[in-house]
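The values are calculated or read from the model by the stated rules, or taken from the named source; none is laboratory data. Please read all numbers here as calculations on a predicted model, not as lab measurements. Cβ coordinates were reconstructed from backbone atoms using ideal geometry, including for glycine residues, and neighbour counts include every protein chain displayed.
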Amino acid sequence: MRRGRTGCRRILVVLTLILALLGEAGGGPAAEAPSTPGPTLRSLRFEGARVIPAREVREELTIPLPSRWPWRPLPAFNPGDLTADLERLEFYFRRRGFYHVRLTPEITTDESGRTDVVVKVEEGPWVQVTRVEVTGLEAIPADELDDLRAKIPLKIGDRFTEILYEDLKRLYLNWFLDHGYPRARLDGKVLLDEKLNTAQISLEAVSGPLCRFGRVELRGDLETPAHVILQKLTFKEGDLFSYDAIYESQRRLYGLDLFHSVTFIPQLAPATARSIPVTLAIEEKKKRSLKLGLGWGDEDQFRARASLRLRNLGGGGRLLDLEAKYSSLEYRVTGTFISPQLAGSRLDLIAESGLLRRYLPGFTDRAWYSQVRLERELPWNLRLAAGHGLEFARPFNIDAQTLLLLRETEPGKLYYSSMAFVGLRRDTTDNIADPRRGGLLTARFEAAPDFLGSSLQFVRQVVELRRYQAVADTNVVLAGRLKLGLIEPIQATKQIPIYKRFFSGGAGSVRGYRLDYLGPRDASGNPLGGEAVLEGSVEARLPIYKDFRAVAFLDFGNVFLKVRNVDLGQLKYASGVGLRYQTPVGPLGVDVGFPLNPIDPGRDRYHFHLTIGHAF
């Protein structure tokens with residue numbers, strides 16, 4: 001009996017311990033009252049900011065802000081974090097020239113913890129520049145010194161900001177670094193009087209010795225010949241040292257698409273040395289690269305692209321590109337071979353050949369074309385090209401009404417063109433996919449006379465100019481484009497066949513009109529094309545939010561039956577707006593264009609265009 005009682009006591013003790021442990025592990029929190037959620041931030045705005053936009057002030061905050069999308073949860077709000085942010089904002093205003101700013105938060109919280117914050121901003125008087133003195137500029141020629149002084153970003157009477165102060169120093173320092181003074185420095189001093197709200201700026205330039213480029217040494221496991229690399233440099237041994245020349249040389253080398261990394265390293269030299277050797281460290285790209293792309297547009301609908309690039313084909317920095325494109329408007333297969341610095345010269349050889357089939361509103365055609373050209377870099381970012389081209393084209397699916405007007409166009413006929421051409425290109429854009437500054441000029445002249453064996457004789461000229469300009473230091477970009485194309489028959493040819501004529505209208509030209517719809521048409525409304533085209537666009541690209549931008553544009557243009565019929569009074573205009581989203585491959589966007597003087601008011605009220613990349 002004792003053993004039984006003893007066993008029962010042990011079991012009771014064990015059960016008591018287990019229950020006690022379970023109570024500590026899981027029962028404790030259950031007995032507590034449910035926790036109350038902390039305050040959340042519903043809105044935050046600034047009031048009273050007059051000179052510094054409230055939007056810019058808001059971007060300096062580090063606390064999480066409520067999303068613009070109503071379905072996202074509100075972020076947690078901590079008054080201590082807001083206080084720390086406002087202290088940082090005071091330093092931000094000081095850097096912008098406001099040394100007496102006052103930031104007063106007004107915080108209201110409802111019963112559910114949702115908080116609204118209004119920050120009252122009293123900027124106070126700003127610090128005014130009363131003196132700008134720069135010494136040590138004896139090395140700068142008088143005319144260039146006048147140009148620099150005309151460009152200074154901080155003048156007497158301006159509001160003093162640290163950003164503009166650094167820009168002022170950089171303006172003078174960059175001149176020395178680009179004109180043979182790589183050891184130059186610019187010492188600055190600012191005397192601030194917070195009572196009088198004045199700033200006196202004193203800068204002293206120390207140029208150091210005049211230096212020249214020394215020997216250039218290549219470094220890296222390179223398959224590309226040294227002469228291909230060295231001839232792309234904009235400087236040679238003995239030239240005045242210039243960082244601008246280094247940056248331009250780097251841009252040219254990247255333009256070859258042979259190198260993954262290009263780094264110029266000026267070598268350490270004694271302070272008295274006048275020759276600066278440079279090491280050029282290069283890492284080559286992979287020998288093969290394959291790119292695939294899919295897309296959709298309102299005019300060409302589904303589109304696909306595949307391209308293969310072979311680098312250093314057979315050595316010598318040669319490139320071979322094979323590309324295939326598909327859309328509802330055209331099929332195209334092309335091959336391009338590039339041999340830089342042919343036979344050690346400064347001439348690049350480019351050979352291109354391709355097959356093409358187009359399905360356009362006025363006709364369908366099949367073509368094979370080939371061209372060989374020599375290109376050379378010239379000063380002022382110019383590139384000159386000259387060569388010869390062949391083209392075999394066969395148009396068909398042409399309306400009978402069109403054939404009544406274009407009597408020299410025969411469906412199914414094989415047209416043969418043998419042409420000589422010369423072209424000029426100048427590209428100063430800062431970014432190929434999304435330019436903010438610079439411009440692009442292209443001009444091409446073609447002649448296909450009978451002595452070259454051409455069955456279709458003509459002369460053709462196309463000139464296009466594009467310009468991009470950012471507004472001050474903002475993300476607003478103004479863009480403009482102007483294009484003129486002319487083609488005229490010569491010798492035995494009396495009329496240019498339809499496949500060789502100019503067309504306009506659609507996403508790539510005058511938005512607001514149907515594809516190829518501008519210009520002369522037959523009795524059934526089919527486009528005939530013309531021997532002259534004039535197009536232009538003015539576009540404003542405006543930031544909205546992060547990677548989103550808005551576009552407002554005005555397009556104009558028309559196609560003229562004959563060159564002598566060009567008439568500015570016959571231009572068609574379209575205005576519209578668009579939206580862009582920046583992606584790694586360029587802006588993805590949608591435009592809607594409205595014709596201002598429509599051809600057919602019943603059908604041409606507006607047109608939507610889906611695009612990848614800017615219109616120009």
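Values as computed for the structure displayed
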| read-out | value |
| --- | --- |
| Qualifying residue in the stretch 283-294 (condition: surrounded by 12 or more Cβ atoms within 10 Å (Cβ to Cβ), part of a loop (DSSP other than H, G, I, E, B) and not basic (Lys, Arg)) | no |
| Selected residue (criterion: surrounded by the fewest Cβ atoms within 10 Å (Cβ to Cβ)) from residues of the stretch 359-370 that are in a strand (DSSP E or B) and touching a residue at least 60 places away in the same chain (Cβ under 8 Å) | Ala367 |
| Residue within the stretch 204-222 that is of a type in the set (D, E, K, R), modelled with pLDDT under 90, in a loop (DSSP other than H, G, I, E, B) and over 30 Å from Ile163 (Cα atoms) present | yes |
| Index of the failed condition, Asp187 passing every other in (1) surrounded by fewer than 16 Cβ atoms within 10 Å (Cβ to Cβ); (2) in contact (Cβ under 8 Å) with a residue 24 or more places away in the chain | (2) |
| Odd one out for Leu192 among (1) over 30 Å from Leu349 (Cα atoms); (2) surrounded by 17 or more Cβ atoms within 10 Å (Cβ to Cβ) | (2) |
| Asp300, sole failed condition from (1) under 25 Å from the mean Cα position of the chain (by Cα); (2) surrounded by 18 or more Cβ atoms within 10 Å (Cβ to Cβ); (3) within 30 Å of Glu223 (Cβ to Cβ) | (3) |
| Test: residue in the stretch 316-331 that is surrounded by 16 or more Cβ atoms within 10 Å (Cβ to Cβ), among the basic types (Lys, Arg), in a loop (DSSP other than H, G, I, E, B) and in contact with a strand residue (DSSP E or B) (Cβ under 9 Å, 6 or more places away or on another chain) | yes |
| Hits in the stretch 90-129 (condition: more than 26 Å from Ile163 (Cβ to Cβ), without any contact (Cβ under 8 Å) to a residue 40 or more places away in the chain, out of contact with any Pro (no Cβ under 8 Å at 6 or more places or on another chain) and surrounded by 14 or more Cβ atoms within 10 Å (Cβ to Cβ)) | Pro105 |
| Candidate set: the stretch 209-231, residues that are of a type in the set (A, V, I, L, M, F, W, C) and within 21 Å of Phe259 (Cβ to Cβ); chosen: the one surrounded by the fewest Cβ atoms within 10 Å (Cβ to Cβ) | Ala226 |
| Test result for Arg373, within 23 Å of Leu440 (Cα to Cα) and assigned to a loop (DSSP other than H, G, I, E, B) | no |
| Hits in the stretch 503-535 - residues which are surrounded by 24 or more Cβ atoms within 10 Å (Cβ to Cβ) and part of a strand (DSSP E or B) | Pro527, Gly530, Val533, Glu535 |
| Single match in Arg72, Arg58 (criterion: touching a strand residue (DSSP E or B) at 6+ places or on another chain (Cβ under 7 Å), within 21 Å of Tyr545 (Cβ to Cβ) and not assigned by TED's automatic domain parsing to the domain that holds Asp193) | Arg58 |
| Boolean, Val132 is β-branched (Val, Ile, Thr), surrounded by 14 or more Cβ atoms within 10 Å (Cβ to Cβ) and within 30 Å of Leu41 (Cα to Cα) | no |
